[in-house]
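Chemist: Sending over a structure as structure tokens; questions will come in a sec.
The values are calculated or read from the model by the stated rules, or taken from the named source; none is laboratory data. Here the structure is a predicted model, which is why all the values come from computation and not from measurement. When we count neighbours, we look across all protein chains shown, and the Cβ atoms used for this are built from the backbone with ideal geometry, even at glycine. Accessible surface is based on the protein model in full, side chains and every heavy atom, while ligands, DNA and RNA are left aside. Shrake-Rupley method; radii C 1.70, N 1.55, O 1.52, S 1.80 Å.
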Amino acid sequence: MKLSVKAKYGLSACIYLAENYENGNLTVSQLSEMVGTTDKFLEQIMSMLKKSDVVTSTRGAFGGYVLTKSPDKTTVGEILRSVEDNLQIIDCLDTEHKCTKSCRSYYVWSNLHKTINDFLDSVTLDSLIKGENNG
């Protein structure tokens, strides 16, 4: 499974928002410079994060983005599911193509999906900022 650059930039932007959580909004221009991408591409990613209620935005001269929840309550799983099609690793696990337990490979796919999501949900932005997950 390979995640897209949306995951990389989305997570990086949220880490910067977490680091600046007490200071208020960051603009797309500020964030795009920090993460190393264009304003236009990051705006698309931030729109996805906003739609999933990971971030909120404010318009105007002092506008920008801020995390909806505090960094200790925002998980990497929430962020990646927002920008990576719900982290669906295989079509047969989604509700439309529901794989049944009688399928011989169901055990592998369902457990892999659960393990990945459980791990990502155990990592908060706060723990990343504090370096608690280093090695």
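Chemist: Specify the residue with the greatest mean-square fluctuation among Thr27, Thr38, Thr56, computed from a Gaussian network of the chain linking alpha-carbon atoms under 10 Å apart.
Modeler: It is Thr38.
Chemist: If you don't mind, another one. Just to confirm a number: summing +1 for Lys and Arg and -1 for Asp and Glu over residues other than Leu67 whose beta-carbon lies under 14 angstrom from that of Leu67, what do you get?
Modeler: -3
Chemist: State the label only: which of [x] 17.7, 59; [y] 17.9, 63; [z] 16.4, 57 corresponds to Rg and Dmax of the Cα atoms in Å computed from the shown model?
Modeler: The value computed from this structure is option [z].
Chemist: Would you work out which of Thr68, Ser29, His113 lies farthest towards the positive end of the dipole of the chain? Charges go on Cβ: Lys and Arg +1, Asp and Glu -1.
Modeler: Among Thr68, Ser29, His113, the one farthest towards the positive end of the dipole of the chain is His113.
Chemist: Now for a separate question. Among the lysines, which fall within straight-line cross-link reach of Lys40, defined as a Cα-Cα distance under 20 Å, with same-chain neighbours fewer than 8 residues apart omitted?
Modeler: Leaving aside lysines fewer than 8 places away in the same chain, those within reach of Lys40 are Lys6, Lys8, Lys50, Lys51.
Chemist: Can you give the calculated 222 nm mean residue ellipticity of the chain, where each DSSP H run of n ≥ 4 adds -39,500 (n - 2.57) and the sum is split over every residue, rounded to the nearest 500 deg cm²/dmol?
Modeler: Calculated at 222 nm, the ellipticity per residue is -15000 deg cm²/dmol.
Chemist: Using the heavy atoms of the protein chains and a 1.4 angstrom probe, tell me the accessible area per residue for the chain in square angstrom.
Modeler: Spelled out: the 1.4 Å probe surface of the chain, per residue, equals 62 Å².
Chemist: Given 4 °C and 1.567 mPa s, how large is the Stokes-Einstein diffusion coefficient of segment 1-46 in µm²/s, with Rh as the Kirkwood radius over Cα pairs?
Modeler: 121 µm²/s
Chemist: Specify the residue with the greatest mean-square fluctuation among Ser32, Ser47, Ser122, computed from a Gaussian network of the chain linking alpha-carbon atoms under 10 Å apart.
Modeler: It is Ser122.
Chemist: Could you tell me the accessible area of Lys6 in Å² (1.4 Å probe, neighbours in place), rounded to the nearest ten?
Modeler: Rounded to the nearest 10, that gives 60 Å².
Chemist: Length gain on complete extension for the stretch Trp109 to Ser122, per 0.36 nm per residue less the alpha carbon to alpha carbon distance?
Modeler: Length gained between Trp109 and Ser122: 2.7 nm.
Chemist: Hey, another quick one. Arrange the residues Ile89, Ile129 by how much accessible surface each exposes, largest first, with a 1.4 angstrom probe.
Modeler: Ile129, Ile89
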